[in-house]
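Colleague: Right, I'll just put the structure down here and ask away after.
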Amino acid sequence: MNNHDLFLSAQKYIPGGVNSPVRAFKGVGGDPLFIKKAKGPYIYDVDDKEYIDYIGSWGPMIAGHSNKKVLKAVHKAVDQGMSFGTPTEQEVTVAEKMCKLIPSMDMVRMVNSGTEATMSAIRLARGFTGRDKIIKFEGCYHGHADSFLVKAGSGVLTLGIPGSPGVPSAVADLTLTVAYNDLDALESTMQAHGDDVAAIIVEPIAGNMNMILPLEGYLQGMRDLCDKYGTILIFDEVMTGFRVALGGAQELYNITPDLSTFGKVIGGGLPVGAFGGRKDIMSHIAPLGPVYQAGTLSGNPVAMTAGSVMLDIVSKKGFYDDLAIKTQNLTKGLKEIADKNSIPFHTVNEGGMFGMFFTENLEINNFEDIAHCDEERFKVFFHKMLDQGVYFGPSAYEAAFVSSTHDEVTLSKTLKAATFAFSEL
Ligand SMILES: *Cc1c(COP(=O)(O)O)cnc(C)c1O
């Protein structure tokens, strides 16, 4: 079937034709692409068209698609059996590697998605502190558990809805929201509610409202407030973990959260999530403690094998330095082309991720600032690039991802396509 026929069929049997709303082209118009294979920085749709991929499965494919080492190890693991429902050696290997690489992590529990990781981390924080309220930030996304679908990021932003029907107000009311990068607002919220707040959960670099860096001192201020009120600080590093630096954003900014959550890169493309941190807190999880959390396929041996190889790949000396240079060269090139065409445009980058903003505002600090960017212009840009075989996230609220396999050739092809796209805006 060609792409269009597949999409028609998909819509008949799958709501909206997609198994995750961010894949639909709701924010840009047109049919989503059905991809049949991928290699290095390239993906190929069912009509055999090649694209340079800046989504990377929304983050996991940091070493490029179909990485030979990952594939080989996975093939071997599959031959040993798919799942046993027992402890395995692979889980220990991955847990040990994560605890060594992530500054704040004494112990870790593996789960199957980022959503499960954040959901479980919040339950643990509540169980540990005996408090019910949590604080999150406007435009941050922490998966689709009930507590987090309050002023959440990209997926819901693209659909233009603030929360979600189906989340009981009794649950949503326990989630307090504060504007990102506004330490004063956080401080007054803590003054009013701090003693009832189990956890503050934050994307240390916001990557689900395009990409927003934390202002100088912001995360430290958050850490101090948590210490003052006995609140658990949770860094949601599902996106930034093993993406912006080997030790995640916590290493980059030198802030130690109490708990942190991971996903995406650590599964190497298979469904994996993890949450971990301080030993005294993690010891409250069953079977060591009373806070219940479980999973039939958690720590699956095939997924752990992929994750383990992935962690070895990114641990190679210079991996993140090389990646950051590629990302910087790309964003610098895009900015130069925009300037030549007098298009108001701004970019940010860190490690292997970057954000693009069609705006004159050079300081994008929170959701309000993102909402004032020119979304119509982004849509045109997106389609002009896609037509030329360059695939960005289909929404002005998504960050973009670079892999270690993006090279000089993909870079110059991308900039050439951008030269045409910007000239047409
Ligand atoms: C992707 C993401 C999640 C959710 O992970 P899933 O695996 O999609 O459930 C949670 N938090 C952040 C910061 C994310 O980027």
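The values are calculated or read from the model by the stated rules, or taken from the named source; none is laboratory data. Given the structure is predicted, the values throughout are model-derived calculations rather than measurements. Don't worry about glycine lacking a Cβ; one is built from the backbone with ideal geometry, like all the others, and counts go over all protein chains shown. What goes into the accessible areas is simple: the full protein's heavy atoms, side chains included, and nothing from ligands, DNA or RNA. Shrake-Rupley method; radii C 1.70, N 1.55, O 1.52, S 1.80 Å.
Colleague: Label Glu336 and Ser9 with points 7 Å out from Cα along Cα→Cβ: what is the distance between them in nm?
Modeller: 4.6 nm
Colleague: Could I ask something else about it? Could you work out what % of the accessible surface of segment 68-314 is carbon and sulfur, using a 1.4 angstrom probe and leaving DNA, RNA and ligands out of the count?
Modeller: 55 percent
Colleague: Looking at the chain, what % of the alpha carbon pairs are farther apart than 35 Å?
Modeller: Value for the chain (Cα pairs over 35 Å): 26 percent.
Colleague: As an exercise, use a Förster radius of 41 Å and the Cβ-Cβ distance of Asn254 and Phe420 to find the FRET efficiency, rounded to the nearest 0.05.
Modeller: Given R0 = 41 Å and the Cβ-Cβ separation, E is 0.45.
Colleague: Which residues does the label zone of Lys316 cover in segment 74-89, counting backbone N under 18 Å from a point 7 Å along Cα→Cβ?
Modeller: Only 74 pass the distance filter.
Colleague: Right, here's the next one. So for the chain: antiparallel DSSP bridges make up what percent, rounded to the nearest 5?
Modeller: 60 percent
Colleague: Taking 0.36 nm per residue of separation and subtracting the Cα-Cα distance, what length does fully extending Asp173 through Asp47 add?
Modeller: Value of the extension gain: 40.6 nm.
Colleague: In nm, to one decimal, how far is the modelled label at Gln388 from the one at Glu216, with both set 7 Å along Cα→Cβ?
Modeller: For the pair Gln388/Glu216, the computed spacing is 3.7 nm.
Colleague: Please identify the GluC sites (Glu not before Pro) of segment 200-275 that satisfy two criteria: DSSP loop assignment and at most 12 other Cβ atoms within 10 Å. Which are they?
Modeller: Glu216
Colleague: Further question: At a 1.4 Å probe radius, which order do Lys384, Lys416 fall into by accessible area, largest first?
Modeller: Ranking Lys384, Lys416 by accessible area, largest first, yields Lys416, Lys384.
Colleague: In nm, what is the difference between 0.36 nm times the number of residues separating Lys36 and Leu288 and their Cα-Cα distance?
Modeller: Value of the extension gain: 86.3 nm.
Colleague: In square angstrom, what is the accessible area per residue of segment 68-314 with a 1.4 angstrom probe?
Modeller: On a per-residue basis, segment 68-314 sits at 39 Å².
Colleague: Excluding the sites themselves, what is the longest stretch of the chain that contains no chymotrypsin sites (Phe, Trp or Tyr not before Pro) in a DSSP loop with at most 12 other C-beta atoms within 10 Å?
Modeller: Maximal segment without exposed cleavage sites: 85-291.
Colleague: Additional query: Treat every Asp and Glu Cβ in segment 68-314 as -1 and every Lys and Arg Cβ as +1, leave all other atoms uncharged, and give the resulting dipole magnitude about the Cα centre to the nearest 20 debye.
Modeller: Dipole magnitude for segment 68-314 comes out near 780 debye.
Colleague: Can you pull the percent of segment 360-425's accessible area that's carbon plus sulfur, 1.4 Å probe, other chains left in place?
Modeller: 49 percent
Colleague: Could you compute the FRET efficiency for His193 and Lys68, with r as their C-beta to C-beta distance and R0 at 60 Å, rounded to 0.05?
Modeller: Plugging the Cβ-Cβ distance into 1/(1 + (r/R0)^6) gives 0.70.
Colleague: Rounded to the nearest 500, what is the 222 nm mean residue ellipticity of the chain from helices alone, with -39500 (n - 2.57) per DSSP H run of 4+ residues and division by all residues?
Modeller: Theoretical 222 nm ellipticity from helices: -12000 deg cm²/dmol.
Colleague: Can you tell me the dipole magnitude for segment 326-424 around its Cα centre, using point charges on the Cβ only (Lys, Arg +1; Asp, Glu -1), in Debye to the nearest 20?
Modeller: So the dipole magnitude of segment 326-424 works out to roughly 440 debye.
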